[in-house]
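Take a look at the structure below.
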């Protein structure tokens, strides 16, 4: 790392919008699914990097509720890749004391995929190391609407609803809000990702496509984060 960063300046929770798989493949004259497969293979490498830095929470945006609009062939391929990734990574998660969590709707997913996700969460739920959250079939606006519906169904009084209670009913209940959101592929938007939780997150965009995102790029993001002044709406003394 070019500039040493104190662990006290590390983020606790990093979320990543894994973008650019298709463009990575197209630049190489490959089918888009080859890019998605390369992106899935990069997840293990990134988790290992995070573990070296002793970071506690990693959330990966894998598939949005809007992605169902893509061609059926690509969707089916993505679901197959997800199933293969879960089968491959559960054993690694167990050995590495990693806790796996799914964010998003299980309903609407094929039964086989749903069972794989539930099995992975059950097998790793007592692990105490890094928490890896996969946002698959996830949408930020949909999450907020689901939370509102849940509160209404529970007959929660309007005057009892506050930010703390609302957060406790989100998919991310029990997780700290992300400190840093990284987007690969060069775009500069959240794309309906953690839009409640990202209220005060620091944003970092890199032109590097997700399959090529590794230690060097992560260290750049960490360095940028360490140089930010996080005020959360207030002022520092003397400002």
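Some values worked out for this structure:
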quantity: Alpha-carbon centroid distance for the pair the range 145-191 / the range 32-102, whole angstrom; calculated: 22
quantity: Ranked by how many other beta carbons lie within 10 Å on average, peptides 214-222, 25-33 from highest; calculated: 214-222, 25-33
quantity: Of every Cα-Cα pair in the range 22-85, the percent that sits beyond 16 Å; calculated: 54
quantity: Using distinct alpha-carbon pairs, which all enter the 1/r mean, Kirkwood radius of the range 89-198 in Å; calculated: 15.7
quantity: Stokes-Einstein D (µm²/s) once Rh is taken as the Kirkwood radius of the range 1-142 over alpha-carbon pairs, at 4 °C in 1.567 mPa s; calculated: 80
quantity: Reference-scaled alpha-carbon Rg (2.2 N^0.38 Å with N residues) for the chain; calculated: 1.04
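FYI, it's all coordinate maths here, none of it is from the lab. The model shown is predicted, which means the values in this text are computed figures rather than measured ones. All Cβ positions, glycine included, derive from the backbone under ideal geometry; neighbour counts span all protein chains shown.
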